Amino acid sequence: MKALIQRVSQASVSVDDECVGAIEHGLLALIGVEREDDEARAERLLHKLLHYRVFADETGRMNHNLQQAEGGLLLISQFTLAADTRKGLRPGFSSAAPPDEGERLFHHLVERARNAWPRVATGRFGANMQVSLVNDGPVTFLLESH
C-alpha cells in the first residue's frame, strides 16, 4: 500500500457537492492499494500514518507524530497512486488492486484507523471526489508498506 501524505491545516472531501469528510490540522492521506497488498501491509501503513513524525515540536523540528499533535486523519482512496509511470506518456494500472479488493483493504485500513484514533474522516471509495486542502509547510511524503 502507498499513502501520499500531506500535513494540512485543514482538508475536506466532497461528493456531489456534499462534504463527506473534513479535518482541521492533521494529515490528508491519499491511499493507493496494489495487487500484492494484504491486511498486514495495511497494518504497517496505519502504524506509519499514526507515528510518522512530521509535526513540529517546541523547537520547530519535525519530531511529533499525528497523535502527539492531536491531529485529524483524512483517508481518501486514490487508485492512481498504484499507476506505473516508468514508460511512455500514459499511466498503466496493471499493478493496482482490482476494485473489490482495493475497496476491501481500504475499508480495513479505515476500520483499524478508527479503532486506533478518534479523529478519522474519509472520502467515499470509488466516487468522483473533490478534495480541498491547505498544505501546511508544504510538507508532503510518500509512505509505502512492503
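In the stretch 104-125, the residues that are β-branched (Val, Ile, Thr) form Cβ pairs under 8 Å with partners that are outside any strand (DSSP E or B), at six or more places apart or across chains, as follows: Val120/Val110; Val120/Ala113; Val120/Arg114; Thr122/Val110. For the condition within 22 Å of Gln6 (Cβ to Cβ), surrounded by 13 or more Cβ atoms within 10 Å (Cβ to Cβ) and aliphatic (A, V, I, L, M), Leu142 does not qualify. Against the condition outside any helix (DSSP H, G or I) and closer than 18 Å to Val139 by Cβ, how does Gly21 come out, does it pass? No. Within the stretch 51-73, being closer than 14 Å to Gly26 by Cβ and of a type in the set (Ser, Thr, Tyr) holds for one residue alone: Tyr52. Name the residues in the stretch 24-54 that are closer than 13 Å to Ala3 by Cα and small (Gly, Ala, Ser), would you? Selection gives Ala29, Gly32, Ala42.
Contact map, the stretch 133-146: first residue assigned to a strand (DSSP E or B), second residue of a type in the set (Gly, Ala, Ser) and modelled with pLDDT of 95 or more, Cβ cut-off under 6 Å, separation 6 or more or different chains; pairs are Leu133/Ala11; Val134/Ser9; Asp136/Ser9; Leu143/Ala3.
Return yes when Gly60 is out of contact with any Phe, Trp or Tyr (no Cβ under 9 Å at 6 or more places or on another chain), assigned to a loop (DSSP other than H, G, I, E, B) and of a type in the set (Gly, Ala, Ser) and no when it is not.
Values: out of contact with any Phe, Trp or Tyr (no Cβ under 9 Å at 6 or more places or on another chain): yes; assigned to a loop (DSSP other than H, G, I, E, B): yes; of a type in the set (Gly, Ala, Ser): yes.
For Gly60, the condition - out of contact with any Phe, Trp or Tyr (no Cβ under 9 Å at 6 or more places or on another chain), assigned to a loop (DSSP other than H, G, I, E, B) and of a type in the set (Gly, Ala, Ser) - is met.
State whether the residues of the stretch 44-51 include one that is in contact with a strand residue (DSSP E or B) (Cβ under 8 Å, 6 or more places away or on another chain), surrounded by fewer than 22 Cβ atoms within 10 Å (Cβ to Cβ) and closer than 15 Å to Trp117 by Cβ. So far as the stretch 44-51 goes, yes, one or more of its residues are in contact with a strand residue (DSSP E or B) (Cβ under 8 Å, 6 or more places away or on another chain), surrounded by fewer than 22 Cβ atoms within 10 Å (Cβ to Cβ) and closer than 15 Å to Trp117 by Cβ. From the residues in the stretch 19-67 that are without any contact (Cβ under 8 Å) to a residue 12 or more places away in the chain and of a type in the set (Asp, Glu), which one is nearest to Ala127 (Cα to Cα)? Per the stated criteria, the residue is Glu36.
Residues in the stretch 96-114 include none that are in contact with a helix residue (DSSP H, G or I) (Cβ under 7 Å, 6 or more places away or on another chain) and surrounded by fewer than 14 Cβ atoms within 10 Å (Cβ to Cβ).
Of all residues in the stretch 36-72, those that are hydrophobic (A, V, I, L, M, F, W, C), closer than 30 Å to Ser95 by Cα and in contact with a helix residue (DSSP H, G or I) (Cβ under 9 Å, 6 or more places away or on another chain) total 7.
Only one of Leu74, Leu81 is part of a helix (DSSP H, G or I), crowded, with 18+ Cβ neighbours inside 10 Å and hydrophobic (A, V, I, L, M, F, W, C); which?
Details: Leu74 fails: part of a helix (DSSP H, G or I).
Of the residues listed, the single one that is part of a helix (DSSP H, G or I), crowded, with 18+ Cβ neighbours inside 10 Å and hydrophobic (A, V, I, L, M, F, W, C) is Leu81.
Here the condition is being assigned to a loop (DSSP other than H, G, I, E, B), small (Gly, Ala, Ser) and at pLDDT 95 or above; of Ala127, Ala121, it holds for Ala127 alone.
The values are calculated or read from the model by the stated rules, or taken from the named source; none is laboratory data. Note that the coordinates shown come from a computational prediction; the quantities given were computed from them, not determined experimentally. All Cβ positions, even for glycine, are placed from backbone atoms using ideal geometry, and neighbour counts span all protein chains on display.
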